[in-house]
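A short write-up of the structure that comes next.
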Amino acid sequence: MSKTYLFISDVHLGLQSKEEEKLKERLLVKFLAFAKDNCDEIFIVGDLFDYWFEYKRVYQKGFFRTLTALQDITEAGIKLHYFIGNHDFLHRDFFKEEIGAIMYPDPSEFILNGKKFFIGHGDGLVKNDNGYKILKAILRNRFLQKAYSIIHPDLGVALASGTSKSSRDYTSSKDYGEGDGLLESAKKKIDDGYDYVLFGHLHKRLFINYKNGSYINLGSWLDEPCYGKFTDLKFEIVEW
């Protein structure tokens, strides 16, 4: 029997003004309630939060309704797959232990309804982005993260927010050239036998058929909220 899989990417909770965030979270919580009743598994393909830093006994304030909605999903027996993005990567064990999410620091492969998927946020795959790759290696270093966690949470979260903004400003201002590293990576994966390659990160909604497979990017909830749906051997992008 065919299962139903849903996908979202790049919501960036915490990026916009307080009023915009209220509206965005309300829309997201409605989607998560819909997902709880209409899918077997859900994939968050990175950057659910615009920044996330989690201490051993403290996690950051805000978006309680989103966290509760995610826990409702796992308690209903639905698998929650969470790919760590370039903005919300400073996780410890809260999402795994308290919410029940399956966390992925790197792209992974899945067999969904008999089709082979390669799924990841996509950061580090963009062409001509060696500066980010170096920054990623530094920020994801476990020793440095432990050292950072000594800082008081009020200051630590503020610094994490500032780092996230700097990363976004760097990404938006950088000229990556004409090539699309994500598309090139997707084509290589399809050549290797994958049926679908799904990334986020670019904030550009794409559905590109290539040979016997497809490359999909869900874009960003900042511009056009939507979700991916795969069931009955058909993948579609649905407006929300």
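One table, with the values for the structure above:
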read-out	value
Which numbered condition Thr74 misses (of (1) closer than 29 Å to Val197 by Cβ; (2) polar (S, T, N, Q); (3) within 19 Å of the chain's Cα centre (by Cα); (4) part of a loop (DSSP other than H, G, I, E, B))	(4)
Matching residues in region 92-107 - criterion: being closer than 30 Å to Gly193 by Cβ and either outside any strand (DSSP E or B) or without any contact (Cβ under 8 Å) to a residue 12 or more places away in the chain (or both)	Ala101, Pro105, Asp106, Pro107
So Phe110, is it modelled with pLDDT under 95, closer than 21 Å to Gly228 by Cβ and outside any loop (DSSP other than H, G, I, E, B)	no
Answer from Lys229, Lys146, Lys211, Lys188 - the residue that is closer than 20 Å to Leu28 by Cβ and modelled with pLDDT of 60 or more	Lys229
Which numbered condition Asn38 misses (of (1) modelled with pLDDT under 95; (2) over 17 Å from the mean Cα position of the chain (by Cα))	(1)
Qualifying positions in region 34-70 - more than 25 Å from Phe117 (Cα to Cα) and among the polar types (S, T, N, Q)	Gln60, Thr66, Thr68
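Yes/no per residue for (1) in contact with a Gly (Cβ under 8 Å, 6 or more places away or on another chain); (2) at positive phi:
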site	(1), (2)
Phe31	no, no
Glu41	no, no
Leu48	yes, no
Trp52	no, no
Val58	no, no
Gly62	yes, yes
Thr68	no, no
Gln71	yes, no
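The values are calculated or read from the model by the stated rules, or taken from the named source; none is laboratory data. Being a predicted model, the structure only gives us computed values, none of them experimental. Note: ideal-geometry Cβ built from the backbone for every residue, glycine included; neighbour counts use all protein chains shown.
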